[in-house]
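The values are calculated or read from the model by the stated rules, or taken from the named source; none is laboratory data. Please read all numbers here as calculations on a predicted model, not as lab measurements. Neighbour counts are summed over all protein chains in view; Cβ atoms, including those assigned to glycine, are modelled from backbone coordinates with ideal geometry. SASA here: full protein model, heavy atoms, side chains in, ligands and nucleic acids out. Shrake-Rupley method; radii C 1.70, N 1.55, O 1.52, S 1.80 Å.
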Amino acid sequence: MSPRTISIVGASGYAGGEMLRLVLGHPELELRQATSERNAGLPVSLIHPNLRGATSLRFTEIEDLEPVDILVTALPHGALFEYIDALAGTAQVLIDLSADFRVSADLYARHYRRDHPRPELIGAFVPAIPELYRERLRGAQRMSGAGCIAMATMLALHPLGSSGLIGRDDIVVEAKIGSSAAGNRASSAGHHPERMGVIRTYAPTGHRHEAEIMQALPRSVRVHLTATAVERIRGILVTAHLFLAEGTSERDVHEIFREAYSGEPFIRLVRVRKGIHRVPDPKILDGTNFCDLGYQLDLETGRLVVIGAIDNLVKGTAGHALQALNVAMGWDERLGLTFQGLHP
């Protein structure tokens, strides 16, 4: 059977560029077009130099898109609303990497401070998170990628959400994140003298990814998220603090995580007693689709610390979207996603 054709809209950004890299290494996909309004006519490898020799494609404009089997949209948040009607007929399968169709209309209005422009379309999009929505993704034609901080947090907390082990409903999450999550548009906060050496808490409260996390967990659980920018390009490290019901043992926690993730190809439970990598570390995940999860229970207080690490551009963005596409198309989930990472 011939490969399925795919095009990427908004392919000059970091998310679009990462999707380009992954698609070019996927045996079942044939890349047809990559759009960029700012860079139309320029070689893709000029903007993404890591793709030199991998493709001779040049960027085109959105209005020049041709029909394909699969379309990935990697536009800035809020931009797809303008194009969704025109793009809907371009491909049978549409995957959106932005926040436009991730959450319900009421959560969108509450966390994005505006009414959702197209609430009637939200229900057609399946969250592109195989670990949580695999059965719904089979055969899906509309998929919406998760936010990177939300992805790491949801994977860290999902097994506990319905376990009955949580003793208090409030969970505090601290997320540390690299600069690539802010995109490739210049800003005063990203200016080198302001970004170099930084450990800057930019969202003490009210981070919009709380909406996705709330949507994925039981309604009784309340997540309080703080986000801090650190001096890395890629990577997210989330540290969640929660209190368990009295009498809960570390073995109980281990069984919950093992049952939830033992068959997952991209979840690794880190249970190491020696060495310097005893807990998850984003550094060893650069370029990979893995999520490393670790946890430690303080038996005296019942406080459980859950640690999750991902590459924000792969498992946090393009990687989980491609994994979801593999599920939707009935392919091996691991296709195009087997890079193991680097060390050191």
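Okay, here's what the table says:
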item	result
Antiparallel content of DSSP bridges confined to the range 1-159, in %, to 5	5
From phi via Karplus (6.51, -1.76, 1.60), per-residue ³J(HN,Hα) for the range 98-113 in Hz, x at Gly/Pro	8, 8, 5, 10, 7, 10, 4, 4, 6, 5, 4, 4, 6, 9, 9, 6
Antiparallel %, DSSP beta bridges [both residues in the range 201-312], to 5	85
Alpha carbon centroid spacing (whole Å) that separates the range 70-84 from the range 139-204	21
Rounded to 5, the percent of DSSP beta bridges in the chain classed as antiparallel	45
Interchain or long-range residues, amide H under 5 Å from I166's placed H	A245
Share of carbon and sulfur in the accessible heavy-atom surface of the chain [1.4 Å probe, %]	50
Accessible area expressed per residue, the chain, with surrounding protein chains retained (probe 1.4 Å, Å²)	46
Interchain or long-range residues, amide H under 5 Å from F101's placed H	none
Part-to-part distance (alpha-carbon centres) for the range 304-344 and the range 244-281, which is given in Å	19
Cut-off under 5 Å, modelled amide H: who pairs with Y295 long-range	I307
Per-residue ³J(HN,Hα) for the range 212-228, Karplus 6.51 cos²θ - 1.76 cosθ + 1.60, θ = phi - 60°, Hz, x for Gly and Pro	5, 5, 4, 5, 8, 10, x, 4, 6, 8, 10, 9, 10, 9, 10, 10, 10
Per-selection Rg to Rh, the range 216-344 - Cα, Kirkwood hydrodynamic radius	0.98
Accessible surface, 1.4 Å probe, highest first, among residues L335, L80, L299	L299, L335, L80
Point-to-point label distance, R118-R278, nm (Cα→Cβ direction, 7 Å offset)	5.0
Given the chain, longest segment not containing exposed loop GluC sites (Glu not before Pro) (DSSP; at most 15 other Cβ within 10 Å)	62-230
Accessible surface, 1.4 Å probe, highest first, among residues H48, H254, H343, H77	H343, H77, H254, H48
FRET E, pair T228, S56, Förster distance 41 Å, beta-carbon r, rounded to 0.05	0.50
